[in-house]
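Here the structure is laid out as structure tokens; the discussion comes afterwards.
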Amino acid sequence: MSQTRKSHREGTIEEIRNAKFEIRNSAEGGTLRLCSENERFSLTGRIRSFRHAVHGIVLMLKSQHNAWVHATASIIVLLIGAFFSLSPHEWCWLVIAIMAVWTAEALNTALEFLANVASAEFHPLVAKAKDVAAGAVLISAIGSVAIALLILGPYAVGFLNSIL
């Protein structure tokens, strides 16, 4: 009875050779697990991913003072836009501007967390990386203020002229 079947170990090695893998953070305790790109789609998996994303936003708000500045500015701009009944085109520009600042802040926060893990003590290259990431947030904030002034400025001038 000679059988020519693969051993469990050979099958696993072959699967590893042919598959693409990524490392994901597990929901339980922050451990890492290796997942195949062929992992089946599941609604619970998507819900879990969404929950992790929301947790990341909450973590950013809890740990970054500038995120509260961005939140306040976002709310003010949205309220002013609603007050002036902006066109859909104008709303698009404001939403893109707000999204750019929030995206830059989130990436900056993630980089800071990773840099702190990589080097617990002060390291000049880590400091430079953090400064560059903070600079990216500043660039997006300045650009967003410019967009807000270009869109809301004429409305504000018209409003002030009507009441004075």
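Modelled spin labels at residue 119 and residue 131, positioned 7 Å past Cα toward Cβ, are 1.2 nm from each other.
The Cα-based radius of gyration of the stretch 64-163, divided by its Kirkwood radius, gives an Rg/Rh of 1.13. Neighbour counts of other Cβ atoms within 10 Å put 122, 84 in the fewest-to-most order 122, 84.
Readers should treat all values here as calculations from the given coordinates under stated rules, not as data from a laboratory. Note that the structure is a prediction, hence the values are computed from the model and not measured. Note: ideal-geometry Cβ built from the backbone for every residue, glycine included; neighbour counts use all protein chains shown.
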